[in-house]
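Here's the structure, in structure tokens; my notes come after.
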Amino acid sequence: MKTDILIVGTGAAGLFAALHLPSRKHVLMITKKEAEQSDSYLAQGGICMLRDEEDYSGYFEDTMKAGHYVNDKKSVDIMIRSSQSIINQLMEYGVDFEYHHGHLAFTKEGAHGRPRILFHEDQTGKEITSKLLKRVRERENISILEYTTMIDLIVSDDNQCEGIVVENSDGSVSIIQAKYTILACGGVGGIYRNTTNFRHISADAIAIAMNHGIELRDMGCVQIHPTTLYSEKPGRRFLISESVRGEGAILLNKNHERFVNELLPRDVVANAIWQEMEKDKTPYEWISFEKIPEKKIRTHFPNIYRKCLEEGYDCLKEPVPIVPAQHYFMGGIKVGYSGKTSMDRLYAVGETACNGVHGENRLASNSLLESMVFAEKAASEVAVHIDGVEISDEAGFLVDYSKYNDLKKLQKDNKEMVLQTIETLKNELIEKQKSKVQKHKEIK
Ligand SMILES: Cc1cc2nc3c(=O)[nH]c(=O)nc-3n(C[C@H](O)[C@H](O)[C@H](O)COP(=O)(O)OP(=O)(O)OC[C@H]3O[C@@H](n4cnc5c(N)ncnc54)[C@H](O)[C@@H]3O)c2cc1C
């Protein structure tokens, strides 16, 4: 199979990139499951937008502070400055954000100095991604292949990406050649036991990049979400969005006492919960919705309310058990400001990619925004260069199919390799942070 531009992944990043590629070029999107099964669909809290010029320094500072001030400042600036344009485009695509007295309504989440998050009930990701998908399906130049899994890249001798190797829905292996390939494969949740992510979103692109020596960045920076609904059932952990705490929910230990400021950055709150769990010798702590008016819970958080009820907890009447779980990956395939990787003709966007915008820790509701800002930039750059690129007749000869005889083992080894790398680098980062705190104490 051949296409002009191949996009791997149908989340917000992949879809937004597809919509910004020239309509005279054929775009093929592939996805591991159904097109709707992306983490972008799961986003609850919302999407940030710069409210006005006065908000710029506060928004910049909140993003940098959450990221421990190691964020790439230019990436942060690009993201914030592009936010109003992204929101306008989304509204043109038909996305319905909440309004209050005729104006866009803003909510607040942890570590934001002021409300600057747009939302649609507690299903903002579904609202945005379903509208993007609808627009993509209307475009004649874009096709989507579901149940098709990228298992490798095709790389020429001069280090150019000629396309990918895929496992088809019937288990057969074949190749897709492309002038440009854009990786939009999401995060790493599927390699962890406790995660809020879909299980099939499991660091595939990152593993494949590692196997080809493509540059990576910030690989130790994994985000744990402090509040997921505790359950003994296997599978994905259900998120209790940060905006619940932004609207007044509080965290309680087993004696029903508060133990942390709920609006501190995610890593700080998650650590506080773990410490309390250790003290209490329990596998969870509690979140109480009692300070949020019932009407607000029913209108702003209907999905969370329903899900808690399904698990046997009425959050209007009682606290709900919560536990931290893997949620987001700040690191990934190293890219420039237009999503270009270290390999020619290969781009990466969204959670798979890392341009340093989140630093060591992502500020809540910055990721949908970031995914679309840099997806648009990648699409624009590809559009500029594509006419000068030809698909090679040699690509088929570059593939050694014997490597894929035992796909299960290959995929298992890949997951273990990424997990081990992340955990080793994460532990190094924690040690570095501890010694920084120690040095700071000594100086004081
Ligand atoms: C529960 C939850 C709540 C969240 N809430 C928010 C929020 O309120 N605000 C916010 O900004 N962010 C939120 N996030 C984060 C945000 O949703 C994601 O970071 C963002 O949507 C990532 O988009 P993406 O397009 O990069 O990847 P995804 O949306 O994860 O899409 C990845 C795509 O890649 C495909 N794929 C993966 N591997 C392969 C392969 N090997 N071959 C083929 N296809 C493949 C998948 O099938 C999928 O289509 C939340 C995340 C979760 C899990």
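The values are calculated or read from the model by the stated rules, or taken from the named source; none is laboratory data. Note that the structure is a prediction, hence the values are computed from the model and not measured. Reconstructed Cβ throughout: ideal geometry from the backbone, glycine too, with neighbour counts over all protein chains shown.
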Matching residues, the stretch 212-260, being in contact with a strand residue (DSSP E or B) (Cβ under 8 Å, 6 or more places away or on another chain), in contact (Cβ under 8 Å) with a residue 60 or more places away in the chain and over 19 Å from Y328 (Cβ atoms): H212, I214, E215, Y230, E247, L251, L252, H256
Those residues of the stretch 52-73 which are of a type in the set (S, T, N, Q), touching a Gly at 6+ places or on another chain (Cβ under 6 Å) and under 11 Å from A111 (Cα atoms), in sequence order: none
Residue in the stretch 367-386 that is of a type in the set (S, T, N, Q) and either more than 25 Å from V222 (Cα to Cα) or more than 13 Å from the chain's Cα centre (by Cα) (or both) present: yes
Residue ID - farthest from the ligand (Cβ to nearest atom), chosen from residues in the stretch 342-359 that are surrounded by 24 or more Cβ atoms within 10 Å (Cβ to Cβ) and closer than 27 Å to G246 by Cα: V357
Helices (runs of 4 or more DSSP H) contained in the stretch 1-116 and holding at least 2 residues within 13 Å of the ligand (Cβ to nearest atom) and of a type outside the set (A, V, I, L, M, F, W, C): 39-42
Count of residues meeting criterion [exposed (fewer than 15 other Cβ atoms within 10 Å of the Cβ) and not in a helix (DSSP H, G or I)] in the stretch 378-415: 7
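If you check G186 against the conditions, is it surrounded by fewer than 18 Cβ atoms within 10 Å (Cβ to Cβ) and out of contact with any Leu (no Cβ under 9 Å at 6 or more places or on another chain)? Before you say what the answer is, go through the steps one by one.
On the way: surrounded by fewer than 18 Cβ atoms within 10 Å (Cβ to Cβ): no; out of contact with any Leu (no Cβ under 9 Å at 6 or more places or on another chain): yes.
Criteria not met by G186.
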Verdict on A270 being assigned to a strand (DSSP E or B), within 16 Å of the ligand (Cβ to nearest atom) and farther than 30 Å from H385 by Cα: no
Scope the stretch 24-53; condition more than 17 Å from L133 (Cβ to Cβ) and either out of contact with any strand residue (DSSP E or B) (no Cβ under 7 Å at 6 or more places or on another chain) or of a type outside the set (A, V, I, L, M, F, W, C) (or both); matching residues: R24, K25, H26, Q44, G45, G46, L50, R51, D52, E53
Positions within the stretch 8-65 being without any contact (Cβ under 8 Å) to a residue 60 or more places away in the chain, polar (S, T, N, Q) and surrounded by 23 or more Cβ atoms within 10 Å (Cβ to Cβ), in sequence order: none
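Rundown of residues vs (1) within 9 Å of the ligand (Cβ to nearest atom); (2) touching a Pro at 6+ places or on another chain (Cβ under 9 Å); (3) in the same structural domain as G396 (by TED's automatic domain parsing), yes/no style:
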residue: Q123; (1), (2), (3): no, yes, yes
residue: K134; (1), (2), (3): no, no, yes
residue: M150; (1), (2), (3): yes, no, yes
residue: L153; (1), (2), (3): no, no, yes
